[in-house]
1. Report the charge-dipole magnitude of the chain in Debye, nearest 20, computed about the Cα centre from +1 at each Lys and Arg Cβ and -1 at each Asp and Glu Cβ.
2. If you find the alpha carbon centre of segment 297-317 and of segment 196-239, how far apart are they in angstrom?
3. Sort segment 128-201 into rounded, prolate or oblate with this rule: let a ≥ b ≥ c be the square roots of the eigenvalues of the Cα gyration tensor; rounded if a/c is under 1.5, and if a/c is not under 1.5, prolate when a/b is larger than b/c, oblate otherwise.
4. When only C-alpha pairs under 8 Å and at least 6 residues apart count, what is the relative contact order of segment 68-113, in percent?
5. Arrange LYS107, LYS395, LYS341, LYS336 by Cβ neighbour counts within 10 Å, fewest through most, would you?
6. Which value, in debye to the nearest 20, gives the size of the charge dipole of segment 43-157 about its Cα centre, when Lys and Arg are +1 and Asp and Glu are -1 at the Cβ?
7. With contacts defined as alpha carbon pairs under 8 Å and 6 or more residues apart, what's the relative contact order of the chain in percent?
8. For segment 200-340, what are Rg and Dmax over the alpha carbons, in angstrom?
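Nothing in this text is a laboratory measurement; each read-out follows from the coordinates by a stated rule. Since the structure is predicted, the reported quantities are computational estimates derived from the model, not experimental observations. When we count neighbours, we look across all protein chains shown, and the Cβ atoms used for this are built from the backbone with ideal geometry, even at glycine.
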Amino acid sequence: MKVLVIGSGGREHALCWKIAESLKVSKIYCAPGNGGTKEIAENIDINPEEIDRLLDFALKENIDLTVVGPEGPLVMGIVDKFNEKGLNIFGVNKKAAQLEGSKAYAKSFMEKHNIPTGRYRKYTDIEEAMKGLDQFQYPLVIKADGLCLGKGVVICNTKEEGIDCLNHMMKDKAFGMAGETIIIEEFLEGIEASLLCFVTNGRIIPMESAKDYKQIYEGDMGPNTGGVGCFSPNPLFQEELRKIVQEDILSKIEIGLEKEKMDYKGLLFIGLMINKDKAKVLEFNVRFGDPETEVLLPRLKSDIVDIFEKTLKGSLKIEDLIWKDEKCVTVVATSKGYPGKYEKGKEIIGLKDVDEDIIIFHNGTIEKEGKIHTNGGRVISITALGNTLKEARDKIYKNLNKVAFDGMYFRKDIAKID
Ligand code: AMP
Ligand code: GLY
């Protein structure tokens, strides 16, 4: 089989790495890929949102399966376009992608189908939104409706911060159209968990749980990022909570998907806030998480191509997902300044010097004349399996000293919970 992976991050490197394990696969392409995918796939110079070019490429090269990494092309309707031409593509259709593409749509879906989530109000008028600030206690959360590359969620501790944020989003149009509609949401206390699920034939089939580290600094301080560390499984996610999530959340989403006639086929990533024995939904994503994918796929024993094919056919069962008992941790090394402004083009040294049982997924790198350079805010994810989280974590921190680039930064407290 020939497989095309769309995207250029650590998630796509991990997908290519896992797909390469499948005996069914003879060739992998990655569009546009990065310095890491280049070692296992042929990088193709097409961006994820150039849907017509991707379609032409898939038709010309007789691609048997396309796997979509980022949300952008899903929200733009890449899956509908590929399906019209009879091509196999793993990802959700345009209608279903609204669950990530519009936060207001996702919240109204949750409200309508009784899915536990924080209280919220939607606004399209700045004056009304300003008044809305008084309807919530502080901290509160303001979210731009549309896609904002992970920057559209702001936690406001005071009314002044709320006013500044609304001006930024709605008056100054910092996120363009994405911020024309906003929601104000109640702040939820607790510990976050990421639950990635395959969805097919009206059923939600969860993977193992994960825990993402969103803030840039140790102790969960500083601004939010796309995720700078992760581990799986999330110890919060014991049998009892799994049952509660199944009954209170997954079953209700299944009913909602059916009632809304979504024909949801692909991945659903549920961001949860856990407080004692209660779980509420923070957000939906309609794609694999990054860095969640970097810790989930190394734990997956099953052939991922088989899973993709069964999802598309509607025959996937929970038994098809077989997991290793080992735990997995990843620490993301970032460029100085991220998630704000940062420089690119710094040479990365030592990538080949790490121990054999370390996996390095590239998040934002580019290969030039045999050398790997930084090409993003998140640069590389150093990943390891271990019998305990501590074992995996110790391996990573021991090896992180062997890799270097100018301005390299990483959190030292990832998976430090045992
Ligand atoms: P979202 O894109 O909606 O997941 O938001 C990104 C991050 O903002 C989440 O992973 C949380 O860390 C935080 N967040 C979002 N909504 C809330 C909320 N209602 N209460 C507390 N934190 C939140
Ligand atoms: N790590 C969170 C995300 O992929 O959205």
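1. Values: 60 positive and 67 negative charges, 25 e Å.
Roughly 120 debye for the chain.
2. What the calculation gives is 20 Å, centre to centre.
3. Details: a/c = 2.36, a/b = 1.39, b/c = 1.69.
Since a/c reaches 1.5 but b/c is at least a/b, the shape of segment 128-201 is classed as oblate.
4. Working: 40 pairs, mean separation 16.1, N = 46.
Relative contact order for segment 68-113 comes out at 35 percent.
5. Details: LYS107 24, LYS395 20, LYS341 9, LYS336 16.
Final ranking by Cβ density, sparse to dense: LYS341, LYS336, LYS395, LYS107.
6. Numbers: 15 positive and 17 negative charges, 109 e Å.
The calculation lands at about 520 debye.
7. Numbers: 960 pairs, mean separation 68.4, N = 418.
The value is 16 percent.
8. Calculated on Cα positions, Rg and Dmax stand at 16.1, 47 Å.
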